[in-house]
1. Taking R0 as 30 Å, what's the FRET efficiency between residue 120 and residue 145 from their Cβ-Cβ distance, rounded to 0.05?
2. Write down Rg/Rh for the stretch 120-218, rounded to two decimals, with Rg from the C-alpha atoms and Rh from the Kirkwood relation over Cα pairs.
3. By per-residue mean of other Cβ atoms within 10 Å, what is the highest-first order of 94-106, 181-193?
4. Indicate, rounded to the nearest 5 percent, the antiparallel portion of the DSSP beta bridges found entirely in the stretch 11-206.
5. Where in the stretch 179-218 does the amide nitrogen come within less than 19 Å of the point 7 Å from the Cα of residue 133, taken along Cα to Cβ?
6. Shape call for the stretch 41-101 from the C-alpha gyration tensor, a ≥ b ≥ c root eigenvalues: rounded (a/c under 1.5), prolate (a/b greater than b/c) or oblate?
7. Label points 7 Å out from Cα along the Cβ direction at residue 206 and residue 82: separation in nm?
8. Quick one: grab the alpha carbon gyration tensor of the stretch 133-176, order the square roots of its eigenvalues as a ≥ b ≥ c, and give me rounded if a/c is under 1.5, else prolate or oblate depending on whether a/b is larger than b/c.
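Just so you know, all these numbers are worked out from the coordinates, no wet-lab data involved. Note that the structure is predicted; figures quoted are calculated from it, not measured. Every residue, glycine as well, gets a Cβ built from its backbone with ideal geometry; the counts of neighbours run over all protein chains shown.
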């Protein structure tokens, strides 16, 4: 496909027959490729970012978002885990932006909310895709320091900033309850995925329109 006007020059896009898309991004630091596809569930799809816990969280997005997700990251200079999480978020955000633009003519909700829970943990998220890049994470300090599995907590949080930049959307994420750090992040990603799934849902009443009343994503 020819890239839409919203796609930066260092990104390339390939449309898929099922309405999904592959976005590739090249910088001096890294090569990132993200594919979002809406065909039959493919349990063989795996993400390969070099951070196992982050791969697991991306798996949560796919499972609760209702699509197949494949993400790969290759380092050109230094393996910086902060950059990995942010860059994958940026490219995933661009993929969602392209999918949103293609759904606007037929009508797409463009905003959604969802709760995510697992064992002791509960989280809430709201995603609004209307051209305003913001992220508001209401997380305890204990989830922004230290490590979870093989990842730094602060790096995992950077994924949401990157996503907001890439899709030019607003992400609200609030951890409501939880003790185990793995469970707390998993609840957050489940909630985010459900909110995103709702935001991408068909809405014929909004055909040709955006979530915001200004009528444009810019």
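1. Working: r = 19 Å, r/R0 = 0.65.
Computed FRET efficiency for residue 120 and residue 145 comes out at 0.95.
2. 1.04
3. Highest-to-lowest ranking by the protection proxy: 181-193, 94-106.
4. 85 percent
5. In the stretch 179-218, the label zone of residue 133 (backbone N under 19 Å from the point 7 Å along Cα→Cβ) covers 211-212, 216-218.
6. On the way: a/c = 2.24, a/b = 1.34, b/c = 1.67.
Note, shape of the stretch 41-101 comes out oblate.
7. 3.4 nm
8. Because a/c hits 1.5 or more and a/b fails to exceed b/c, the stretch 133-176 counts as oblate.
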